[in-house]
1. List the residue pairs whose Cβ atoms are under 7 Å apart, where the first residue sits in the stretch 74-100 and is among the aromatic types (Phe, Trp, Tyr), the second is modelled with pLDDT under 90 and outside any loop (DSSP other than H, G, I, E, B), and the two are 6 or more positions apart or on different chains.
2. All but one of (1) in contact with a Pro (Cβ under 8 Å, 6 or more places away or on another chain); (2) closer than 25 Å to Ala84 by Cβ hold for Val277; which doesn't?
3. In the stretch 121-141, which residues are among the hydrophobic types (A, V, I, L, M, F, W, C) and under 23 Å from Leu289 (Cβ atoms)?
4. Here are Leu282, Leu244, Leu257: which of them is under 20 Å from the mean Cα position of the chain (by Cα), surrounded by fewer than 21 Cβ atoms within 10 Å (Cβ to Cβ) and either at pLDDT 95 or above or closer than 19 Å to Ala191 by Cα (or both)?
5. For Ala77, are the conditions met, namely being in a loop (DSSP other than H, G, I, E, B) and at pLDDT 95 or above?
6. When the stretch 33-50 is examined, which residues are found to be touching a Ser or Thr at 6+ places or on another chain (Cβ under 9 Å) and polar (S, T, N, Q)?
7. Would it be correct to say that Ala199 is surrounded by fewer than 17 Cβ atoms within 10 Å (Cβ to Cβ), assigned to a helix (DSSP H, G or I) and outside the structural domain of Glu288 (by TED's automatic domain parsing)?
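The values are calculated or read from the model by the stated rules, or taken from the named source; none is laboratory data. Keep in mind the model is a prediction, meaning the values are calculated, not measured. Here the Cβ is made from the backbone with ideal geometry for all residues, glycine too, and neighbour counts use every protein chain on show.
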Amino acid sequence: MIPEPTERVAAIDVGTNTVLLIVAERRGRSFQALVERAEITRLGRGVDRSGRLDPAAIADTVAVIARFAAEARSLAATRIAAVATSAARDAANGAEFFEAAREAVGLVPEIISGGEEARLVHLSAWGDFGTPGGRLAVLDVGGGSSELTWGGGPAPEGRRSFQMGAVRLTERASPVDPPSVDDLRRMREAAREALREVAEIRASGVLAGARLVAVAGTVTTLAAVAQALPEYDAARVHGSAMSLGDVTALLGRLAALTSAERSRLPGMEPKRADVIVAGAILVSTALELGGFDALTVSDRGVRWGLLHDRFGSGAAGA
């Protein structure tokens, strides 16, 4: 029997809040993760207010990309795919970030649209949770934007991108610490306004019978805190379930604490403590508007979709 071909490849996802890396070995049609990394650099800090990337945020993010690319190459990754999402899309000076990445790393992340971001996330979720004859809805709450897809296969039948994420909502609301009752009301109203189309999508019937999979750092952090994990454990987070009641109760608990108190909770990524309340509001709002009682947590997102899309057995050049 001829052994399946193997190759080591990597994907880097540069988001508004977090930079993520996966180095994996391609074995035929599947990928085996060798290394996964995530570091919060908040590239999108202040973009919603100023329309520009902060120079310090650019420097921090480029330094992490350089470190991740070096690690991938040290592990013999022959190809690296890198994409940038909401913050880089929205900023007037995004070219400064791309040029800095080119000079420091020799690697320029490809800017992708919200729709393309949603497609890659859906592809990843279907690979883990899709079933023949079944339907998935996939929610990705990021730092600067949120995406929703739905369909009965690896390619979504529909997708929407909303210009609201955990960082953007926090910066717009500028809540006190901990947030006041009025702060929470304003954040909920802003979330419902930004995601109002989810209710229209639900009314069309395309979400009926779909299993909701939620992706990205907000929901994985909520799951880790709900389980009080002493340290992050992807095996316990990926595939875990949270009901709407679980999310609502956890939101109430988090909103009653200061950012410093949240940062000390088991399962909390300290750098996410100041935006997790806004993120939880977006998750709960999407559940309510979409008519979902529960969600399944995915620890995989754009980076995994990028692996399958760019380096999978059906990809060009694979």
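1. Phe97/Ala88
2. With (1) in contact with a Pro (Cβ under 8 Å, 6 or more places away or on another chain); (2) closer than 25 Å to Ala84 by Cβ applied to Val277, the lone miss is (2).
3. Val121, Ala125, Trp126, Phe129, Leu136, Ala137, Val138, Leu139, Val141
4. On inspection, the qualifying residue turns out to be Leu244.
5. Here the answer is yes, as Ala77 does meet what is asked.
6. Across the stretch 33-50, the qualifying residue is only Thr41.
7. no
Residues are listed down the side, and each one gets a yes or a no for (1) part of a loop (DSSP other than H, G, I, E, B); (2) free of Cβ contacts under 8 Å to residues at least 24 places away in the same chain:
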{"site": "Gly209", "(1), (2)": "yes, no"}
{"site": "Ala249", "(1), (2)": "no, yes"}
{"site": "Arg253", "(1), (2)": "no, yes"}
{"site": "Met268", "(1), (2)": "yes, no"}
{"site": "His308", "(1), (2)": "no, no"}
